[in-house]
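S.K.: Before anything else, here's the structure in question.
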Amino acid sequence: MFDRFGEFDTSEELNRAAVAQMDQGDFEAIRILAEENGLGEYAEDFVEGYSEMLCNELEAALGKLEVEKKHLALEKELLMLEEELERACMDDVKIAVGVRRKGKKLAVYLARVIDQGFREAVAPSDEILKELKAVPQQYRGQMKTGMPDKAARTAIMKAYYGGEENEGF
């Protein structure tokens, strides 16, 4: 990830880099910069002069998440959590700006959600345990499951990406 141009802190930094490449006439570098930041679809509009900037804050955040999602090979519940974060970026520019920040990692956010779920895990009732098909009998007595609710996930998201870091997470 971010091998050629490095990780950018803001959409403004990304756009300055794109403009610098444009000033040098290096259109291929713009395409590589865009691709590396999950913004490949915006490169041609910028190169052709249809757009004055490569991306806005939301596009920069969603592009970074796209790159991280592919790098982490997310599936199922983890993919659902990443998609929830994408929607939060669309609803709150502070989250989008936070996602783009250099050093902020999707893996860290997901780990915090999983950690919280582990701390809140509960054992299913005996009735539920009897109905399980995929869990072998010998593990059912020690089984616990947990996923933070939406409010808790939002709090983790805001703490990590919104600059409200909290020792509890």
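Every number here is computed from the coordinates shown, using simple stated rules; none is lab data. Treat the numbers as computed from the prediction; the structure is a model and nothing was measured. So basically every Cβ, Gly included, is an ideal-geometry build from the backbone, and we count neighbours across all protein chains shown.
S.K.: Mind counting the residues in the range 113-152 that are of a type in the set (Val, Ile, Thr) and either on the phi > 0 side of the Ramachandran plot or part of a loop (DSSP other than H, G, I, E, B) (or both)?
M.R.: Final tally of qualifying residues: 1.
S.K.: Could you check, for the range 4-20, whether at least one of its residues is in contact with an Asp or Glu (Cβ under 6 Å, 6 or more places away or on another chain), surrounded by 14 or more Cβ atoms within 10 Å (Cβ to Cβ) and in a helix (DSSP H, G or I)?
M.R.: Scanning the range 4-20 turns up at least one residue that is in contact with an Asp or Glu (Cβ under 6 Å, 6 or more places away or on another chain), surrounded by 14 or more Cβ atoms within 10 Å (Cβ to Cβ) and in a helix (DSSP H, G or I).
S.K.: If you go through the range 46-88 one residue at a time, how many are among the hydrophobic types (A, V, I, L, M, F, W, C), part of a loop (DSSP other than H, G, I, E, B) and more than 30 Å from Val19 (Cβ to Cβ)? Outline the logic, then answer.
M.R.: Of all residues in the range 46-88, those among the hydrophobic types (A, V, I, L, M, F, W, C) come to 46-47, 53-55, 58, 60-62, 65, 67, 72-74, 78-81, 85, 88.
Narrowing further to those that are part of a loop (DSSP other than H, G, I, E, B): 53-55, 73-74.
When the remaining residues are screened for being more than 30 Å from Val19 (Cβ to Cβ), the result is 73-74.
Residues that pass the stated criteria total 2.
S.K.: Those residues that are surrounded by 14 or more Cβ atoms within 10 Å (Cβ to Cβ) and farther than 28 Å from Phe8 by Cα, I need them from the range 85-122; list them, please.
M.R.: Gln116, Gly117, Glu120
S.K.: What are the pairs with Cβ atoms under 8 angstrom where one residue, in the range 49-63, is in contact (Cβ under 8 Å) with a residue 24 or more places away in the chain and within 15 Å of Ala96 (Cβ to Cβ) and the other, located anywhere, is of a type in the set (A, V, I, L, M, F, W, C) and assigned to a loop (DSSP other than H, G, I, E, B)? Sequence gap at least six, or different chains.
M.R.: Between residues of the range 49-63 that are in contact (Cβ under 8 Å) with a residue 24 or more places away in the chain and within 15 Å of Ala96 (Cβ to Cβ) and residues that are of a type in the set (A, V, I, L, M, F, W, C) and assigned to a loop (DSSP other than H, G, I, E, B), the close pairs are Cys55/Leu39; Glu59/Leu39; Ala60/Phe8; Ala60/Leu39; Gly63/Leu39; Gly63/Cys55.
S.K.: Which pairs do you get when a residue that is closer than 13 Å to Phe5 by Cα, found in the range 19-30, comes within reach of a residue that is among the hydrophobic types (A, V, I, L, M, F, W, C), reach meaning Cβ atoms under 7 angstrom, with the pair 6+ apart or on two chains?
M.R.: Taking only residues 6 or more apart or on different chains, the pairs are Gln21/Ala29; Gln21/Ile30; Gln21/Leu33; Ile30/Ala18; Ile30/Met22; Ile30/Ala43; Ile30/Phe46; Ile30/Val47.
S.K.: In addition: Do any residues in the range 145-157 that are surrounded by 12 or more Cβ atoms within 10 Å (Cβ to Cβ) have Cβ atoms under 6 Å from those of residues that are among the charged types (D, E, K, R) and in a helix (DSSP H, G or I), where the two are at least six apart or on different chains, and which pairs are they?
M.R.: Ile156/Arg112
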